[in-house]
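A.B. asks: First the structure, then my questions, so here it is.
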There are 2 protein chains.
Amino acid sequence: MPAYRAPVQDTQFVLDAVVGLDRYANLPTFADASPDVVKAILEEGGKFCEQVLAPINLSGDIEGCTRHDDGSVTTPAGFKAAYQQFMDAGWGTLMADPEWGGQGLPYVIGTAFSEYMSSSNMAFGMYPGLNEGAQAAIEAVGSHEQKAKYLPNMVQGRWTGTMNLTEPHCGTDLGLIRTRAEPQPDGTHRITGTKIFISAGEHDLNDNIIHLVLAKTTGAPDNVKGISLFIVPKFLVNDDGSLGARNAVKCGSIEHKMGIHANATCVMNYDGATGYLIGEENKGLRAMFIMMNAARLGVGVQGLAMGEVAYQNAVTYAKDRIQGRALTGPADPAAKADPIIVHADVRRMLMDGRAFNEGARALILWGALQVDLAKKAATPEERQLADDLISLLTPVIKGYCTDKGYEIATASQQVFGGHGYIREWGMDQFVRDARIAQIYEGTNGIQAMDLVGRKLGQNGGRGTQAYLALVNGALADAKGDERLNFVSAPLEKALGDLQAATMWLLQNGMTNPDNAGAGATAYLHLMGIVALGHMWLVMAKAAFAALDEGASDTDFYTAKLITARYYAARYFPDARALRAKLEAGSEAMMAMPVAAF
Amino acid sequence: MPAYRAPVQDTQFVLDAVVGLDRYANLPTFADASPDVVKAILEEGGKFCEQVLAPINLSGDIEGCTRHDDGSVTTPAGFKAAYQQFMDAGWGTLMADPEWGGQGLPYVIGTAFSEYMSSSNMAFGMYPGLNEGAQAAIEAVGSHEQKAKYLPNMVQGRWTGTMNLTEPHCGTDLGLIRTRAEPQPDGTHRITGTKIFISAGEHDLNDNIIHLVLAKTTGAPDNVKGISLFIVPKFLVNDDGSLGARNAVKCGSIEHKMGIHANATCVMNYDGATGYLIGEENKGLRAMFIMMNAARLGVGVQGLAMGEVAYQNAVTYAKDRIQGRALTGPADPAAKADPIIVHADVRRMLMDGRAFNEGARALILWGALQVDLAKKAATPEERQLADDLISLLTPVIKGYCTDKGYEIATASQQVFGGHGYIREWGMDQFVRDARIAQIYEGTNGIQAMDLVGRKLGQNGGRGTQAYLALVNGALADAKGDERLNFVSAPLEKALGDLQAATMWLLQNGMTNPDNAGAGATAYLHLMGIVALGHMWLVMAKAAFAALDEGASDTDFYTAKLITARYYAARYFPDARALRAKLEAGSEAMMAMPVAAF
């Protein structure tokens, strides 16, 4: 059975060296995140994930969720008990507002914990993950009364939330939504329609489910400008907070999916269900996008999480599996064969994983810091900058980290040879679970279009300029230290490719938007390579500094520098290739007549 | 439910333009492969796969195989009936020797059919596929008596064969085999041991199963030099050809796998089973490698086959799915939205698939021709050349085509968005089925090591030189035609990268074998890009020629040239990046102490 160990030391390194948590101690919420508190959260949170969630991951995949004839859904054995422990320990309250019972810690801390949760049990982590998204939407656009009614129980995890966007004929293009909301004399609406792919749409983990549902009110424009958002609780909530009548919303079926079997992906039937408008009528999409942006970062975390746990298990196997001999001669002459970790090609797969995981962890936690700073930094300029940066990088974190997470999970499975293909080893689950992260919350193609079509030029390209300046600043900082050349030189070259690709897009995407579409995915990956490369430069600098200062854990910093070297040697070369693909334009792919496909 | 249409026109184009089947009409077996016969085989074979095998592919995945308490195994509904039709139509006899009841057609024709079979139902195709491999081993090293005893029924498909190599502790490193063969006074051996991952090891499709088993005879060296090959029939075969006693070999369990659920992957327990030595004692590995080399080409076909069927279904979905608008303005203003095939990023995924599929089909059939020529060409020089070429390219076809096949299957699934993740659409099966092809018959890492460590320098690099000369020759041929520059120029550059990488390996792999290991996979992929690029140059030239000659099907040739253009723009750029990764050497991946992982 696969195992998991939370990479607490690496998280702490990132929080120190990249995020620089101590620099923000003066800001609201950060004040409570003292080094001791953070250490305790990571260690205890890590233990919870290792000891409670990881052991029911494979069994949850095999058993899956069960829908009963009455529409109720049972989660796999052990999930309900684990969820109770999750609630009891308050793991869902980390980032929530103390006004509603949360611990009010920075987003960056909650994000660090969420990586551990997804690595240990991605399907489990989605229940609280969706709940957080729903809370964010209620926070953002709900009335005070609505917040007071729903948030306290949601924060405690006694109720969970869902997001209901997709319909059978309508995914990305939400203007096509057919679900109707008919206003009632008492101010409520009757919601009627079918939603699909509703993660955590029905389950037995707790008492109530608060569905957030996109629908069109009677007479609203039949396009994206006519979409409103509704709260539709599974059980109506009485004024005293107790649960009332069962609402007319039911799970019609659960999907048979490639992975995340332990999370119920439901078809939800709304049959004149009572709904409460949240936020302004016809402005539902805006609220949904608030929720979606946070969710996209969370999906990026899942990409990293799958890369990490798959890597860890591949390392264990590569050390244990005795087979063949090192090319340079027997590593263990007394034994009949060497462990396969002696092989450069096996290490290639492991180091690909490690270099991605550590780089992505840094990027994601740095990104999560921007989410905090966008709300809490001292000056409007700082808040603006942080918001610009995370706006730009959200599609990169979601798209690049999930594409790579799948790739790393696949490569880690490959280390196992035939055993990787067998369920008991758990590696195929990581691949299957990782796969969804490239698809949901906007496919990675949609992320790429968002990056190139919206984010790049947003506010006159302010965020893009700020980001390029940031990386250039890091390069300028590194100039004094020859030891950093191994990473700063290829980063500078890759940044040059990114800048050239940006110029190319600005020039050629205007005249023909298909050029932007044709290059979007290549551009997203190119920016991903630069973004992780930037993190590696920062981390290498910090590792040298720690060694210079005589840090005791020299093994950790030495390994960090070796991994930085691997990233530099093996990741940067793709930047030039991606630029070349982008600059090839759209002609070759648009020339084919539809009928000729 | 997914659908499949055999790409008969494209196969015929390749047989004409790349393979040049008519040039070999003077050779044995080719004489019978007249254009009419070939056309009939492809069309009828295609229909069989479309109408009989494709409809039971998804249901076979869902149902899987069932092992009963007595060790017997039932295949999914419809498989036995389909196999009966397969036998009745003689699809298994295409390439077999007429002496044993085969049709004696060229390997290249059988290979073309096997693509269709794998696309329509990969798990089904493995039953006859394994049978063919076992026949090849018996052909190669069996006595005349053994051939006469087993081959006729195997050719007809009344019996199938298996390959038993792997043991729980022993995959690539066959020296570790523990299965024992104890000589008996009657000349037979008693075989005792456990084999795992035995595809088609037990099933209910026909009357008997002929296991080919690697084992060590009593007193043999306990390493690769002590391995012998044995025939171990499920039912012993009497002298009159009738079936005798049930042998002491049993399926102990079937594996729960990520995919190919409809093929029984068995743990086989040999409990003093009667075995017959085939070939020389202690020379079993050589026989196994004969079988393995053919099998590796067959696995490359599976990579292509999964890429093709996944691509076809993604095209259908991209044309049908109405969602959003073209970036250049509504393509269908009367409708509420456009089909997603209007998007350049969707076409990127489709064209990636198409450019790979058509290129790989050409490479594989050209490779299959070399298998034919290695045995049947008129002169020893021609036979030698063909053997050198296919020796070199077998790991490329296996490794590159299966890596890309998985990637294309994944990208095609991505076109479906969330629906791609749901079982009913069948896309996740293609991904899961494609995954095994990267693993079995030697993982792709092993293929890369075989290429770099053995094939590259074999016979003083004779095959490598011949291959480079071949591609250079095609480039020289193209020099006269400016219209081919779009593909010949980047091919020339990529070939330069391949040559430089080859030189680098020769220089640096000698001094430190880890440099060869570290660059092996990059080298294999680089050669794959060149090999498909070479095919695209040949195909583009043929397409221009056909258009020049006023061929009637201008749409086909125009599409071929558009796809060639896509390949040139989007595949070649990776060549330089792969070379850079290879030239980075092994330092960054070998530097990490094992304990630091």
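The values are calculated or read from the model by the stated rules, or taken from the named source; none is laboratory data. These numbers come from a predicted model, not from an experiment. Cβ: placed from backbone, ideal geometry, glycine included. Neighbour counts: every protein chain shown. Remember, those area values only see protein heavy atoms, side chains included, never the ligands or the DNA or RNA. Shrake-Rupley method; radii C 1.70, N 1.55, O 1.52, S 1.80 Å.
A.B. asks: Per residue of region B:398-409, in order, report the coupling 6.51 cos²θ - 1.76 cosθ + 1.60 (Karplus, θ = phi - 60°) as ³J(HN,Hα) in whole Hz, putting x for Gly and Pro.
C.D. replies: 5, x, 6, 5, 7, 4, 6, x, 5, 5, 5, 4
A.B. asks: Can you work out the Karplus-derived ³J(HN,Hα) for every residue in region B:259-276? Use 6.51 cos²θ - 1.76 cosθ + 1.60 with θ = phi - 60°, whole Hz, and x for glycine or proline.
C.D. replies: Working through the residues one at a time gives x, 5, 5, 7, 9, 6, 9, 10, 7, 10, 9, 9, 10, x, 6, 6, x, 10 Hz.
A.B. asks: Let me ask something else about it. If you take every DSSP beta bridge fully contained in region A:159-282, what fraction is antiparallel? Give it as a percent rounded to 5.
C.D. replies: 80 percent
A.B. asks: Separate question: With +1 on each Lys and Arg Cβ and -1 on each Asp and Glu Cβ, how big is the dipole of chain B about its Cα centre, in debye rounded to the nearest 20?
C.D. replies: 1060 debye
A.B. asks: Could I ask something else about it? Any idea how far the Cα center of region B:199-249 sits from the one of region A:380-408, in Å?
C.D. replies: 58 Å
A.B. asks: Write down the radius of gyration of chain A and its Dmax, each obtained from C-alpha positions, in Å.
C.D. replies: Cα-based Rg and Dmax for chain A come out at 24.2, 85 Å.
A.B. asks: Step through the residues of region B:231-238 one at a time and calculate ³J(HN,Hα) from phi using the Karplus curve (6.51 cos²θ - 1.76 cosθ + 1.60, θ = phi - 60°), rounding each to whole Hz and writing x for Gly and Pro.
C.D. replies: Per residue, the Karplus-derived 3J(HN,Hα) values read 8, 10, x, 4, 10, 4, 10, 6 Hz.
A.B. asks: In chain A, what cysteines have no partner Cβ closer than 4.7 Å?
C.D. replies: A:49, A:65, A:170, A:401
A.B. asks: Tally Lys/Arg at +1 and Asp/Glu at -1 over every other residue whose Cβ is under 11 Å from the Cβ of residue B:45; what's the total?
C.D. replies: -2
A.B. asks: Given H placed 1.01 Å from N in the peptide plane, which residues other than close sequence neighbours of residue B:96 have an amide H under 5 Å from its amide H?
C.D. replies: Placed amide hydrogens put B:103, B:104, B:105 under 5 Å from residue B:96.
A.B. asks: How far, in nm to one decimal, is residue B:88 from itself in the other copies if the label point is set 7 angstrom along Cα toward Cβ? Shortest first, please.
C.D. replies: List, nearest first: 6.4 nm.
A.B. asks: In straight Cα distance, which lysines are under 20 Å from residue B:493, not counting same-chain residues fewer than 8 positions off?
C.D. replies: The reachable lysines, counting only those whose Cα sits under 20 Å from residue B:493, are A:581, B:479, B:541, B:581.
A.B. asks: Relative contact order, percent, of chain B when contacts are C-alpha pairs under 8 Å separated by at least 6 residues?
C.D. replies: About 13 percent, as a whole number.
A.B. asks: Give me, ordered by chain and number, the residues 5 or more places off residue A:235 or on other chains with an amide H under 5 Å from its own placed amide H.
C.D. replies: Under 5 Å from the amide H of residue A:235: A:209, A:247.
A.B. asks: Would you pull out the residues with amide H under 5 Å of residue A:274's amide H, same chain only if 5 or more places away, H placed 1.01 Å from N?
C.D. replies: The list, which skips near neighbours in sequence, is A:191, A:248.
A.B. asks: Something else about it: Can you give the local net charge around residue B:567? Use residues other than it whose beta-carbon is closer than 15 angstrom to its beta-carbon, Lys and Arg +1, Asp and Glu -1.
C.D. replies: Taking every other residue near residue B:567 into account, the sum is +4.
A.B. asks: Could you state the principal axis extents of the C-alpha atoms in the protein assembly as shown, from the largest down, to the nearest angstrom?
C.D. replies: Principal axes ranked by extent give 89, 69, 63 Å for the Cα atoms.
A.B. asks: Going Cα to Cα from residue A:216, which lysines come in below 30 Å? Please leave out same-chain ones fewer than 8 positions away.
C.D. replies: A:147, A:149, A:195, A:225, A:234, A:250, A:257, A:283, A:398, A:455, B:319, B:336
A.B. asks: Using Cα-Cα distances under 8 Å and only pairs 6 or more residues apart, what relative contact order does region B:512-597 have, in percent?
C.D. replies: Computed value for region B:512-597: 51 percent relative contact order.
A.B. asks: Based on DSSP, what percent of beta bridges with both residues in the protein assembly as shown are antiparallel, to the nearest 5?
C.D. replies: 80 percent
A.B. asks: Can you give the % of DSSP beta bridges in chain A that are antiparallel, to the nearest 5?
C.D. replies: 80 percent
A.B. asks: What whole-number value in Å² describes the accessible area per residue of chain A for a 1.4 Å probe?
C.D. replies: Accessible surface, normalised per residue, equals 34 Å².
A.B. asks: What translational diffusion coefficient, in µm²/s and rounded to a whole number, does the Stokes-Einstein relation yield for region A:457-587 at 37 °C and a viscosity of 0.692 mPa s, taking the hydrodynamic radius as the Kirkwood radius over Cα pairs?
C.D. replies: Approximately 209 µm²/s, per Stokes-Einstein.
A.B. asks: Give me the percent of the accessible area of chain B that comes from carbon and sulfur atoms, probe 1.4 Å, all protein chains in place.
C.D. replies: Carbon with sulfur: 53 percent of the solvent-accessible area.
A.B. asks: Calculate, in nm to one decimal, what residue A:507 and residue A:70 gain on full extension: separation in residues at 0.36 nm each, minus their alpha carbon distance.
C.D. replies: Result: 151.5 nm gained on full extension.
A.B. asks: Further, regarding this structure: Write down the Å³ per residue value for the convex hull defined by the alpha carbon atoms of region B:149-248.
C.D. replies: Normalising the Cα hull of region B:149-248 by residue number yields 107 Å³.
A.B. asks: In B, who owns the beta-carbon nearest the axis carrying B over to A, and how many Å from it?
C.D. replies: B:577, 2
A.B. asks: Set Lys and Arg Cβ to +1 and Asp and Glu Cβ to -1, take the dipole of the protein assembly as shown about its Cα centre, and tell me which of B:295, B:395, B:411 lies farthest positive.
C.D. replies: Farthest along the dipole direction, towards plus: B:395.
A.B. asks: Let me ask something additional. Per DSSP H run of n ≥ 4, the term is -39500 (n - 2.57); total these for chain B, divide by its residue number, and report the mean residue ellipticity at 222 nm rounded to 500 deg cm²/dmol.
C.D. replies: So the calculated ellipticity at 222 nm is -18500 deg cm²/dmol.
A.B. asks: Mind listing the label-point distances from residue A:168 to the same position on all other copies, shortest first, one decimal in nm, points 7 Å along Cα→Cβ?
C.D. replies: Its label point is 4.9 nm from the equivalent points in the other copies.
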